[in-house]
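Q: Supplied in structure tokens, the structure appears directly below.
Read the figures in this text as sums done on the coordinates, not as results from a lab. Here the structure is a predicted model, which is why all the values come from computation and not from measurement. Here the Cβ positions follow ideal geometry from the backbone for every residue, glycine too, while neighbour counts run over all protein chains shown.
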Amino acid sequence: MIKTALPIFLASKSPRRRKLLKQIGIKYKSFSVKLKEEILDGEHPAACVERLAMEKMEIAKSKVKEGIIITADTIVVLNKQVIGKPKNKKEAEEFLSLLSGKTHAVYTGICVVNTITNSKKLDFEKTIVEFRKISKDEIKDYVSGGSPMDKAGAYGIQDDFGAVFVKKINGCYYNVVGLPLTKLYDSLRKIS
């Protein structure tokens, strides 16, 4: 367990990330940070998610005087193409059609900072995800329910119908949900 006298803050509006922290018994407060998540041309996915997690951290640090802050960013990559959160239902359908029957990678960057000691841990996780072939009707039904709209790659592996799109994964399941829990836990232990 994480033992610290400092409050822990999750700088994310993701309900999935909040649920994951509760799952491993971490008491925390949460707030969201606004950041235009830009993908740079030619940037490696691991570098991209680490940079975005760091940029979120810079904003989050201005809101917390004393504590431990967690930021994260997740992207989906298919054949070197980054697939973020869909802007609208049409784009969500396009993303799911692209992923159908193919294997993609999910990258999550995490940054953990102790504002008292100024210690920082920055890391990323990569998980390989294979989708089964998805019908157009399944895609339309899934998108019409609204679930994919706040998720990288336009799907969730947990809690909803997106789970049946996934044929298999290689790597950390929780990374696909939005936080690589083992890496996060190790980072928290090291800087608490």
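Q: Which angle from 0 to 90°, rounded to the nearest 10, does the C-alpha axis of helix 89-99 make with the longest principal axis of the chain?
A: Long axis of 89-99 versus the principal axis of the chain: about 80 degrees.
Q: Using a 7 Å offset from the Cα along the Cα-to-Cβ direction at both K167 and K65, what is the distance between the two label points in nm, to one decimal?
A: 5.6
Q: Taking only Cα atoms, what is the 0 to 90° angle, nearest 10, from helix 45-61's long axis to the longest principal axis of the chain?
A: 50
Q: I'd like the Kirkwood hydrodynamic radius of the stretch 81-160, using the inverse of the mean 1/r over distinct C-alpha pairs, in Å.
A: 14.1
Q: Take the residue pairs K140/K183; K22/K89; K63/K151; K87/K183; K13/K133; K3/K120 and return only those whose Cα atoms are more than 28 Å apart.
A: Cα-Cα > 28 Å for K140/K183; K22/K89; K87/K183; K13/K133; rest within.
Q: Between the stretch 54-133 and the stretch 157-176, what is the separation of their alpha carbon centroids in Å?
A: If we compute the Cα centre of each part, the gap is 15 Å.
Q: Between S97 and K133, what is the label-point separation in nm under the 7 Å Cα-to-beta-carbon projection?
A: Here the answer is 1.6 nm between the modelled labels.
Q: Under a GNM of the chain (C-alpha, springs under 10 Å), which listed residue has the highest mean-square fluctuation: G25, G156, G101?
A: With Cα springs under 10 Å in the chain, the top fluctuation among G25, G156, G101 is at G25.
Q: Where Lys and Arg each count +1 and Asp and Glu each count -1, what net charge lies around K27 among other residues with Cβ under 13 Å from its Cβ?
A: With Lys, Arg at +1 and Asp, Glu at -1, the net is +4.
Q: Going by alpha carbons, how many degrees (0 to 90, nearest 10) lie between the helix axis of 181-191 and the longest principal axis of the chain?
A: 20
Q: Among L96, L20, L35, which one moves the most in a GNM of the chain with springs linking Cα atoms closer than 10 Å?
A: L35
Q: Distances over 15 Å make up what percent of all Cα-Cα pairs in the stretch 132-192?
A: 57
Q: Let me ask another. Given R₀ = 25 Å, what would the calculated FRET efficiency be for M1 paired with I116, taking r from the Cβ atoms and rounding to 0.05?
A: Efficiency at R0 = 25 Å is approximately 0.80.
Q: Also: Under unit Cβ charges (Lys, Arg +1; Asp, Glu -1), what dipole magnitude, rounded to 20 debye, does the stretch 8-191 have relative to its Cα centre? List each step's numbers first, then the result.
A: Values: 34 positive and 22 negative charges, 119 e Å.
Using Cβ point charges on Lys, Arg, Asp and Glu, the stretch 8-191 gives about 580 debye.
Q: What residues qualify as long-range amide H neighbours of S30, i.e. H under 5 Å apart, gap of 5 or more or another chain, H built at 1.01 Å from N?
A: Counting only residues 5 or more places away or on other chains, the set is L10.
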